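Data block below; observations after.
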Amino acid sequence: MHQFAEIAKKLPLVTMLLWPVLLAGCQEETVIVQPVETADADAVQVTFNAEDGKMGQQPISLNDALAVKDKLVVVDFWATWCGPCVMMAPELEEVARTRSEDVILVKVDVDKNSAASAHYQISSIPDVRVFRNGQAVGGFLGFRPAAAIAEKLNEIQSAEK
């Protein structure tokens with residue numbers, strides 16, 4: 001079973017049921033901060049294997065992920081103790097699965113990467129940042145379902161044209 005699903009299983013049911021209600025008004029745009037080499041972080045790239053239909057993970061540095069050309073790099077700043085972060089993990093994975101040709105999903109644990117969190121001005125989580133060709137192009141704060149995440153990515157791509 002996927003690591004994030006295991007964490008979700010441990011959260012009390014009441015927490016899982018109340019988070020969407022509590023966070024309904026907490027969705028907003030995020031601060032755009034450009035990457036710098038000194039703000040590197042240990043990250044995990046979420047991968048999709050089309051042959052067997054399974055999601056996987058591989059370690060990657062944040063700077064290496066941001067160096068990917070011609071794809072949107074979606075960076076999820078999260079923590080294991082954050083209920084909305086855990087709830088949003090499968091939503092982000094769904095977007096990574098359905099848009100694997102143009103989207104890369106990278107997860108950065110804020111507790112393990114305080115320098116990067118400080119550089120990107122992460123003050124609440126989940127905080128999702130979107131990059132293209134090494135440049136910040138958008139993002140959002142708070143829980144969003146897969147359809148809303150995909151819609152936001154479409155908006156970012158449309159604004160780039």
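Computed from the coordinates by the stated procedures, all read-outs in this text should not be read as laboratory data. Quick caveat, the model's predicted, so the values are computed rather than measured. In this analysis, Cβ positions are derived from the backbone assuming ideal geometry, glycine residues included, and neighbour counts consider all displayed protein chains.
Net charge within 12 Å of Asn154 by Cβ-Cβ distance, Lys/Arg positive one each and Asp/Glu negative one each, not counting Asn154 itself?
Numbers: positive: Arg99, Lys152, Lys161; negative: Asp102, Glu151, Glu155, Glu160.
Here the charged neighbours net out to -1.
Highest-first packing order for the peptide set 76-89, 113-126 is 76-89, 113-126, based on the mean count of other beta carbon atoms within 10 Å. For the range 76-144, relative contact order (Cα pairs under 8 Å, six or more residues apart, normalised by length) works out to 41 percent.
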